[in-house]
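Following: one structure in structure tokens, then a few remarks.
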Amino acid sequence: MSKSPTKVDIPNKKARFEYSFLQNYEAGMVLTGSEIKSIRAGKVNLTDAYCQFVGGKLLVKNLHISGYKFATYNDHDPLRERMLLLKKIELRKLESKLKDKGLTIIPTRLFINDRGYAKLEIALAKGKKLYDKRETIKERDISRRDDD
């Protein structure tokens, strides 16, 4: 019996507008049972999420995964910190690049891969200035006019 995983692809639209991405990584997450069920139901908010190193481990903070409706008394905390799973080389590289001024790690997309595992696409990013944001809006408007 092969159970096909549900197609879940939740983008962080605000991040594309606020940051310019330098490098992307695909990370696994340490989750509980009720969390993965909520993710499969699409009850996730990535808008204010960010990643931070704590004790050599990369944690994602402010990632809101809503409570699972059918969970028992041991339901998860929606805003708990979740550990991200990356290779040691990637972790060291990210930690060294974070020491540069103005760089941060933000989640760009949450999805479930072909094997049924929840993955978080994270990006090493630099914040955009106001004039860069205006340029992004201008390009978007021009592309909309061309499509019509």
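Where a number appears in this text, it was derived from the coordinates with a stated rule and is not lab data. Keep in mind it's a predicted model, so treat the numbers as computed, not measured. Positions of Cβ are generated from backbone atoms using ideal geometry, with glycine treated the same way; all protein chains shown enter the neighbour counts.
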Let me have the 222 nm mean residue ellipticity of the chain computed from DSSP H runs of 4+ only, each contributing -39500 (n - 2.57), with the sum over all residues rounded to the nearest 500.
-8500 deg cm²/dmol
Could you tell me which of Ile89, Gly67, Ile137 has its Cα farthest along the dipole of the chain towards the positive end, charges placed at Cβ (Lys, Arg +1; Asp, Glu -1), taken about the Cα centre?
Ile89
Between Lys128 and residues 5 or more places away or on another chain, which pairs have amide H atoms under 5 Å apart, with H built 1.01 Å from N, and which residues are they?
Tyr19, Ser20
Residues whose placed amide H lies under 5 Å from that of Tyr68, excluding near-sequence neighbours:
His76
Exposure-ranked with fewest Cβ neighbours within 10 Å first, Val30, Val54 stand as Val54, Val30
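Find the Cα radius of gyration of the chain, compare it with 2.2 N^0.38 Å by division, and give the number to two decimals.
1.16
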Let's see if you can work this out: charge +1 on each Lys and Arg Cβ, -1 on each Asp and Glu Cβ, no other charges. What is the dipole magnitude of the chain about its Cα centre, in debye to the nearest 20?
260 debye
Taking the dipole of the chain about the Cα centre (Lys, Arg +1; Asp, Glu -1; charges at Cβ), the one of Gly28, Asn12, Ala118 that reaches farthest to the positive side is Gly28
Scalar couplings 3J(HN,Hα) for the range 46-60 by Karplus 6.51 cos²θ - 1.76 cosθ + 1.60 (θ = phi - 60°), nearest whole Hz, x for Gly and Pro, are 9, 3, 9, 6, 8, 10, 8, 7, 9, x, x, 10, 8, 10, 9
In angstroms, what radius of gyration and Dmax does the range 34-114 have, counting Cα atoms only?
14.4, 45
HN-Hα couplings for the range 24-39 via Karplus (6.51, -1.76, 1.60; θ = phi - 60°), in whole Hz with x for Gly/Pro, come out as 10, 9, 10, 10, x, 10, 8, 10, 9, x, 6, 5, 5, 5, 5, 5
If amide H atoms are modeled at 1.01 Å from N in the peptide plane, then the residues at a separation of 5 or more from Lys119, or on another chain, having amide H under 5 Å from its own are Phe111, Ile112, Asn113
The range 102-148 - Rg (one decimal) and Dmax (whole number), Cα, Å
15.8, 42
